[in-house]
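To start, the structure itself, in structure tokens.
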Amino acid sequence: MAEEATAARSEDQEEDTADRDGGSSEEEQEPKPQQKETPTRAEVSNYEIVTHYFDVAKERLGLRDDVAEVLMSSYREVKVQIPIPMEDGRIHCFSGFRVQHNGARGPYKGGIRFHPEVDLDEVRALAALMTWKTAIVEIPYGGAKGGVNCSPSDMTEDERQRVARQFMAKIEKVLGPTRDIPAPDVGTNAQVMAWMMDEYGKLHGHTPACVTGKPISLEGSWGREAATGRGLVYAFKEAANQLDIDPSEVKFVVQGYGNVGSWAARELADLGATLVGASDAYGAIHSEKGLDAHALADHAKEGGELVEFDGDGAEKIAPDELLALECDVFIPAALGGMIHESNADSVKARVVVEGANSPTTPKADDILNDKGVFVIPDVMANAGGVVVSYFEWVQNLQHFRWDEDEVNDRLGKIMRKAYKAVHDRADEDDVPLRVAAYELGIERVVDAARTRGYIGGEGDG
Ligand code: NAD
């Protein structure tokens, strides 16, 4: 593991959200200024985090080195040039990436991120995470991820559309409903998926199943926008049951009030829980008496910064203080590496539900485990989005649509089943949920790869 120097690279980092919540606003949005105050992030990379957890599971499963090498390396990595004429009259040359990690269990599946820090290393890590995640929730996909190193919040809607279309035009050959199906992630939303679907359709004819997370008006699925946040809450409810926590009595904090964070907050608030702190790329707020999760989501959706929210006795706090707020549940739902060696000890929550991918570095994970904090890991907790993406794909392929209750019921069943499988494994092996989740996911992928004949042979691999 690389040292977790906690130099605040976030100081220079740019804001990552364009339109929040997957809305499909047609209006030109004013680019936002750069972020002001953000918490420190660890210098350890997403790739190091995912590789570390893979290595732990590999040792525990007794996987042979040669098999592990196949599993940890990507099947295909594509990098393309995306030169975009911008409003400043210059051509900006962005880089686009698509990494297909492992397709043993089905077509590759994973989001597209628009963020200035996107690079091959990060996309590779997030693709691998998708492989284990789809296996843990038992949906018939492999794992992939993509991204463009642009800053959507500093771009006009027109510029974002150009990036989305050019990116699709350049990678369409490796995509398609039976090959690889993108979805939204940080900095992208339903509107971006609509542009990508439209671009794909120019070459292949109308093919809604080529991307998921689309707007409802373009064969998106009911419940997709809320699915990741809702899935987090389904997973938390299982844990709460086990830990004898009443969800209606908890105080909770959300770091990153975007799609995942704000939906998790609304779902938890609807159960009666109290949101006492929240943050976005611009700063953090706190209110002991509780913030209205729905009003805060509306405020963010309209483009407001959380620190400008003036209801419910909200007061501005330093972003690093957010982690140390007195609460029962902490939900990291921003970027990777936000809980690290230098701040993990300040966490007061009894439960951490990981909405973001790789929010906790391995050293921080050890600290949380030692403190007795119950961590529901990303690789299971935030799978709700890809589960409902799977439902969207199924509906698109068969040209029908389920109503939202049906989508949510099916999502609940899958999340509960996955939680139980991971929890039972953790109990059996006396390990934290994260280790059990990786073991389960990797085992299922090895099984599929071997049955397919992709990795052959007998032995302990
Ligand atoms: P988003 O762009 O909608 O929201 C991200 C939020 O984080 C925004 O509010 C942004 O302002 C905030 N943020 C950015 N930098 C921050 C910082 N330094 N401190 C505090 N807040 C900061 O993105 P999203 O789709 O909600 O994704 C959030 C995380 O969840 C990512 O790690 C993503 O990979 C993961 N995830 C998303 C989905 C999905 O369906 N969208 C599914 C699984 C996992």
For this session: Output the number of the condition that GLY146 fails; it satisfies all remaining conditions of (1) part of a helix (DSSP H, G or I); (2) at pLDDT 95 or above.
Result: (1)
Seminar exercise, completed: SER287 passes all but one of the listed conditions (1) in a strand (DSSP E or B); (2) within 11 Å of the ligand (Cβ to nearest atom); (3) more than 28 Å from ARG416 (Cβ to Cβ); the exception is number (2)
Seminar exercise, completed: Going through the range 330-388 in order, the residues found to be touching a helix residue (DSSP H, G or I) at 6+ places or on another chain (Cβ under 6 Å), closer than 18 Å to ALA284 by Cβ and either part of a loop (DSSP other than H, G, I, E, B) or without any contact (Cβ under 8 Å) to a residue 24 or more places away in the chain (or both) are ALA333, HIS340, GLY355
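Anything in the range 119-129 that is open to solvent by 10 Å² or more (accessible area, probe 1.4 Å) and either under 20 Å from GLU354 (Cβ atoms) or in contact with a Ser or Thr (Cβ under 6 Å, 6 or more places away or on another chain) (or both)? List them, or say none.
Those that are open to solvent by 10 Å² or more (accessible area, probe 1.4 Å) and either under 20 Å from GLU354 (Cβ atoms) or in contact with a Ser or Thr (Cβ under 6 Å, 6 or more places away or on another chain) (or both): ASP121, GLU122, ARG124.
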Exercise. Of all residues in the range 252-267, how many are over 17 Å from the mean Cα position of the chain (by Cα), within 15 Å of the ligand (Cβ to nearest atom) and touching a residue at least 60 places away in the same chain (Cβ under 8 Å)?
Worked result: 1
For this session: Any residue in the range 275-289 that's touching a residue at least 60 places away in the same chain (Cβ under 8 Å): show its pairings with residues that are more than 14 Å from the ligand (Cβ to nearest atom) and in a strand (DSSP E or B) at Cβ separation under 7 Å, as long as the two are six or more apart or on different chains.
Result: none
For this session: Pairs only if they're at least six apart or on different chains, beta carbon under 9 angstrom, first in the range 394-406 and in contact (Cβ under 8 Å) with a residue 12 or more places away in the chain, second open to solvent by 70 Å² or more (accessible area, probe 1.4 Å); list them, first residue then second.
Result: GLN395/ARG401; ARG401/TRP222; TRP402/TRP222; TRP402/ARG410; ASP403/TRP222; GLU404/TRP222
Seminar exercise, completed: Scanning the range 335-356 for residues that are of a type outside the set (A, V, I, L, M, F, W, C), open to solvent by 10 Å² or more (accessible area, probe 1.4 Å) and in contact with a strand residue (DSSP E or B) (Cβ under 9 Å, 6 or more places away or on another chain), the one nearest to the ligand (Cβ to nearest atom) turns out to be LYS348
Problem set entry | Enumeration of residues in the range 105-117 that are open to solvent by less than 10 Å² (accessible area, probe 1.4 Å) and either under 21 Å from GLU159 (Cβ atoms) or modelled with pLDDT under 95 (or both) | GLY111, ILE112, PHE114, HIS115
For this session: For the range 389-412, state whether one or more residues are more than 25 Å from GLU249 (Cα to Cα) and within 16 Å of the chain's Cα centre (by Cα).
Result: yes
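The values are calculated or read from the model by the stated rules, or taken from the named source; none is laboratory data. Predicted model, so just to flag it, every value in this text is computed and none were measured. Because the Cβ atoms are built from the backbone with ideal geometry, glycine has one as well, and the counts that use them run over all protein chains shown. Side chains included, ligands, DNA and RNA excluded: accessible areas come from the protein's heavy atoms. Shrake-Rupley method; radii C 1.70, N 1.55, O 1.52, S 1.80 Å.
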